[in-house]
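Peer 1: Shown below is the structure under consideration.
The values are calculated or read from the model by the stated rules, or taken from the named source; none is laboratory data. From a predicted model like this one, the values you see are computed outputs, not experimental measurements. Cβ coordinates were reconstructed from backbone atoms using ideal geometry, including for glycine residues, and neighbour counts include every protein chain displayed.
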């Protein structure tokens, strides 16, 4: 009987030990997997600012500026050194190179303070005449700037983002501008046309861009296109202002760049299949272009 209880006890101990070991191994594997996934991700955050400032802080005055910012930035990355480099790129392209050595929060605040300082330096209470702006007694003239960026594509080591700026400083209308970028997180550098451009790329892709613009406007010739508001379209060249995604490349041409103001920003999407023949072999875009 004593031998029976000993054998029973030992079997149960072994069984429980095996179960505990397998369970612990499974949990450790799952935890390690989750940790490794998280460690390779870039986590983004957003800083928002909505600031009004009256000239020389005179809230009874008739002139003020309004600054609105929405800044999406890489908050954390597994490689802390690369994280700082990537943050610097975002800050430089969103705000200014002069703030790229700061943290995102410090950079935004420094930009705001510089904007207000420049605004105050441009005017003085003594020389400001509301009649110059056609203001009625109850109205306030406001300088406006809206600045925001957007992540338009993320895959593998590529991040495509755009920076949009809207400004109004008087006159018949404001201005709208888009700057486009592709960041390689493996190098921390921005992708340029030279990184993937093949022989005669400028000429060949220019022809594709012109054709795409003509198709979007329902015309067939350059002459017809210029009649719709486009200017010197024959001299158009790829301008390096582009984003990518898993289907193709999008070029952005800003106001007055290739067309009259009323045309606005011209966006031209080109599927990879239509210009992959112009790409350098084994270029950074080869994997994306080859999947089409």
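Peer 1: Suppose we filter 243, 221 for residues that are outside the structural domain of residue 171 (by TED's automatic domain parsing) and over 26 Å from residue 176 (Cα atoms); which single one remains?
Peer 2: On inspection, the qualifying residue turns out to be 221.
Peer 1: Is it the case, given these coordinates, that residue 63 is at pLDDT below 95 and touching a helix residue (DSSP H, G or I) at 6+ places or on another chain (Cβ under 9 Å)?
Peer 2: yes
Peer 1: Among the numbered conditions (1) assigned to a loop (DSSP other than H, G, I, E, B); (2) closer than 17 Å to residue 152 by Cα, tell me where residue 219 comes up short.
Peer 2: For residue 219, the exception is condition (2).
Peer 1: Additional query: Residues 270, 263, 233: which one is closer than 26 Å to residue 153 by Cα and in contact with a helix residue (DSSP H, G or I) (Cβ under 9 Å, 6 or more places away or on another chain)?
Peer 2: 270
Peer 1: Within segment 190-203, is there a residue that is part of a loop (DSSP other than H, G, I, E, B) and surrounded by 15 or more Cβ atoms within 10 Å (Cβ to Cβ)?
Peer 2: Yes, there is a match, as at least one residue in segment 190-203 is part of a loop (DSSP other than H, G, I, E, B) and surrounded by 15 or more Cβ atoms within 10 Å (Cβ to Cβ).
Peer 1: If you don't mind, there's one more thing I want to ask. Taking segment 220-245 as the region of interest, how many residues are under 30 Å from residue 284 (Cβ atoms) and in contact with a strand residue (DSSP E or B) (Cβ under 6 Å, 6 or more places away or on another chain)?
Peer 2: Final tally of qualifying residues: 5.
Peer 1: Just a yes or no: is a residue in segment 133-142 over 30 Å from residue 160 (Cα atoms), in a helix (DSSP H, G or I), over 21 Å from the mean Cα position of the chain (by Cα) and modelled with pLDDT under 90?
Peer 2: Scanning segment 133-142, I find at least one residue that is over 30 Å from residue 160 (Cα atoms), in a helix (DSSP H, G or I), over 21 Å from the mean Cα position of the chain (by Cα) and modelled with pLDDT under 90, so the answer is yes.
Peer 1: Restricting to segment 69-101, name every residue that is in a loop (DSSP other than H, G, I, E, B) and within 22 Å of residue 146 (Cβ to Cβ).
Peer 2: Within segment 69-101, 95, 96, 100 meet the criteria.
Peer 1: Counting only residues that are under 30 Å from residue 82 (Cα atoms) and out of contact with any helix residue (DSSP H, G or I) (no Cβ under 9 Å at 6 or more places or on another chain), which one in segment 157-181 is surrounded by the fewest Cβ atoms within 10 Å (Cβ to Cβ)?
Peer 2: Among those that are under 30 Å from residue 82 (Cα atoms) and out of contact with any helix residue (DSSP H, G or I) (no Cβ under 9 Å at 6 or more places or on another chain), it is 157.
Peer 1: Report, by residue number, each residue of segment 170-198 that is without any contact (Cβ under 8 Å) to a residue 40 or more places away in the chain and more than 30 Å from residue 100 (Cβ to Cβ).
Peer 2: 170, 171, 172
Peer 1: Quick check on segment 231-273: of everything there that is under 15 Å from residue 212 (Cα atoms) and over 25 Å from the mean Cα position of the chain (by Cα), which residue is surrounded by the most Cβ atoms within 10 Å (Cβ to Cβ)?
Peer 2: Residue satisfying both the conditions and the ranking: 233.
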